[in-house]
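Q: First the structure, then my questions, so here it is.
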Amino acid sequence: MRLFSVGVAAFSLWFGVLVITLWVYYAAVHCPLSVSRGNQASRHDKSLARLGSGINRHLAPSHPTPRLLGSSTVKNLLERVEWADAYRYGLKDSRGVGMDCARLLFAPIGNTTRYLAVFHARSRSTKQFEVHIAQSLDLLQWEHLRRIVSNADMPVIQKDSRSGQVLLVFEQFFSSKRQWPCALGIRQYKSVQELISGQPGLQFQFRVPNTLSKIEGTPSIERWDQQRHTIRLWFHWHNEELGRDEVATGKLRDFPGDAPHWTARKHNKYVQTLSTLGVSGNVGGRHHLRFGGTSDQGLVLQEGNIQRPPLLPTDWAAWRVWMYSETSRQFIQLDVKTHQNSTAIANPAAFALPCPGSSETKNLPAESNICFAVLYFIFREGSAKNEGGQLIYYTRVSREY
């Protein structure tokens, strides 16, 4: 009996070892370790990159959802296109026309999420740049609505939350045959609907007088106080001595009104700091970030050209983007990573907006319904295959700020 008990115990031990061995073997084959999953994920990422032509909506690999829109988080969201929940390269409207240098405005219809975009495109018939407006429900597919301004480009837009009025600023050309001289053009609409419909006689218009050079444009809205009738703008002026565009600031008072008053000055220290960072070419467009915790920090996105002299003709592959803090007065160059590593990144903008698809997100908490939408223009001279033109992508973030 004792020998029988010993035999049973030995058999049980042998059988247990066999079961464990088979289980480890099965796990190794069918459930590889995290390193193997990482390799699989890497191959999946590359597959997404090859598919990222902007033809369809693509879901990106999962990533940690940022909780705070501090400057470091904003920097990461501005640099990591692969973090995006959805993206599109070569953005076009329903006509198949590129939506170059687009800027966004959230304009819901009742409970339906809707976005507007103003952008410029070159007319095939007149060869002039024109400012257009389009609408979208998902930030990726855009229905063209109408042309807003002829012989103009580089539009920016903002809505006053209290009055519902809309401010549109753009670069207006004087001649139909060439793009200089040019100046800032301003229109103020009484409502979003008026902007869309373009009803004549219901808008205020003003062309800003040139004060620093014959070439002034590429506006950005620093602050608009609709109640006090003042607008603070940044724009570019042309430094003929250096042969490049540089940044200036201006303030328009008493607009709308019978006698608007404009003052402007060169933003020399700002430009000089960028020059020490290697921006020897044009200091072009910029965008003021307005959302959550960043509004008080005064974060500005700025494009700059790092080409070395001579500055003509322009090296379109040499455009890069920086983030500037008006608090610290420091620039940080953004290392923007597209899916296929395009380098000529320009015309930056970013917006915090309610996420697309209200019906898809109705069961999520309110803070989960905010998306960080980023736009860049990628010049074909420094773009990877299928990545040239207007890029738009958005990432879901939390609104705990």
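Q: Given a 1.4 Å probe and every protein chain left where it sits, what share in percent of the accessible area of segment 141-222 is carbon and sulfur?
A: Working: 1690 of 3720 Å².
For segment 141-222, the apolar C and S fraction of the accessible surface comes to 46 percent.
Q: Same structure again: With label points built 7 Å along Cα→Cβ from the Cα atoms of residue 191 and residue 333, find their separation and express it in nm.
A: 4.9 nm
Q: For residue 394, tell me the accessible area in Å² from a 1.4 Å probe, rounded to the nearest 10.
A: Accessible area, nearest 10 Å²: 10 Å².
Q: May I pose another question? Can you classify segment 87-224 as rounded, prolate or oblate using the Cα gyration tensor, where a ≥ b ≥ c are the square roots of its eigenvalues, rounded means a/c under 1.5, and otherwise it's prolate if a/b beats b/c and oblate if not?
A: Since a/c reaches 1.5 but b/c is at least a/b, the shape of segment 87-224 is classed as oblate.
Q: Write out the GluC sites (Glu not before Pro) in segment 229-264 meeting two conditions: DSSP loop, and at most 12 other Cβ atoms within 10 Å of their Cβ. Numbers along the way, then the final one.
A: Details: sites: 240, 241, 246; in loops: 240, 241.
Passing sites in segment 229-264 are 240, 241.
Q: What number comes out for the charge environment of residue 344, summing +1 per Lys or Arg and -1 per Asp or Glu over other residues with Cβ under 13 Å away? Write out the running numbers ahead of the final one.
A: Details: positive: 320, 380; negative: 303, 315, 381, 387.
Local charge sum for residue 344: -2.
Q: Report the local net charge at residue 114: Lys and Arg +1, Asp and Glu -1, summed over other residues whose C-beta lies under 12 Å from its C-beta. Display every interim value, and only then the final one.
A: Working: positive: none; negative: 138, 143.
Here the charged neighbours net out to -2.
Q: Under a crude label model (7 Å from the Cα following the beta-carbon direction), how far is residue 199 from residue 112 in nanometres?
A: 2.1 nm
Q: Would you give the gap between the C-alpha center of segment 91-119 and the C-alpha center of segment 208-228, rounded to a whole Å?
A: 24 Å
Q: For the pair residue 177 and residue 207, how long in nm is the line joining their label points, each one 7 Å along Cα→Cβ?
A: Inter-label distance under the simple model: 1.7 nm.
Q: Follow-up question, since we're still on this one. When you take every Cα atom in segment 71-130, what is the radius of gyration, and what is Dmax, the widest Cα pair distance, in Å?
A: 15.2, 45
Q: Of 198, 209, 181, which is farthest on the positive side of the dipole of segment 175-216, counting Cα position, with +1 on Lys and Arg Cβ, -1 on Asp and Glu Cβ, and the Cα centre as origin?
A: Projecting each Cα onto the dipole axis, the largest value belongs to 181.
Q: Grab the other residues whose beta carbon is less than 9 angstrom from that of residue 171, score K and R as +1, D and E as -1, and report the net.
A: Within the 9 Å Cβ shell, the charges total -2.
Q: Out of segment 68-148, which trypsin sites (Lys or Arg not before Pro) are coil in DSSP terms and have no more than 16 other C-beta atoms within 10 Å? Provide the component values of the computation, followed by the final result.
A: Details: sites: 75, 80, 88, 92, 95, 103, 114, 122, 124, 127, 146, 147; in loops: 95, 114, 124, 127.
Answer in residue order: 95, 124, 127.
Q: Check cross-link reach from residue 266 to the lysines: straight Cα distance under 19 Å, and skip same-chain residues fewer than eight apart.
A: Here the lysines satisfying the reach criterion relative to residue 266 are 214, 251.
Q: At q = 0.16, 0.29, 0.31 Å⁻¹, what is the base-10 log of I(q)/I(0) for segment 135-180 according to the Debye formula with one equal point scatterer per Cα and no solvent? Please give it to two decimals.
A: Here log10 of I(q) over I(0) equals -0.66, -1.06, -1.08.
Q: Compute, for segment 168-289, the length of the dipole vector about the Cα centre, with Cβ point charges of +1 (Lys, Arg) and -1 (Asp, Glu) only. Units Debye, rounded to 20.
A: So the dipole magnitude of segment 168-289 works out to roughly 80 debye.
Q: Further question: Once you have the Cα-Cα distance between residue 312 and residue 273, take 0.36 nm times their residue separation minus that, and quote the gain in nm to one decimal.
A: Details: separation 39, 0.36 × 39 = 14.04 nm, distance 2.23 nm.
Between residue 312 and residue 273, full extension yields an extra 11.8 nm.
Q: Give me, ordered by chain and number, the residues 5 or more places off residue 280 or on other chains with an amide H under 5 Å from its own placed amide H.
A: 307
The values are calculated or read from the model by the stated rules, or taken from the named source; none is laboratory data. Note that the structure is predicted; figures quoted are calculated from it, not measured. Positions of Cβ are generated from backbone atoms using ideal geometry, with glycine treated the same way; all protein chains shown enter the neighbour counts. Protein only, heavy atoms only, side chains kept; ligands, DNA and RNA dropped before computing areas. Shrake-Rupley method; radii C 1.70, N 1.55, O 1.52, S 1.80 Å.
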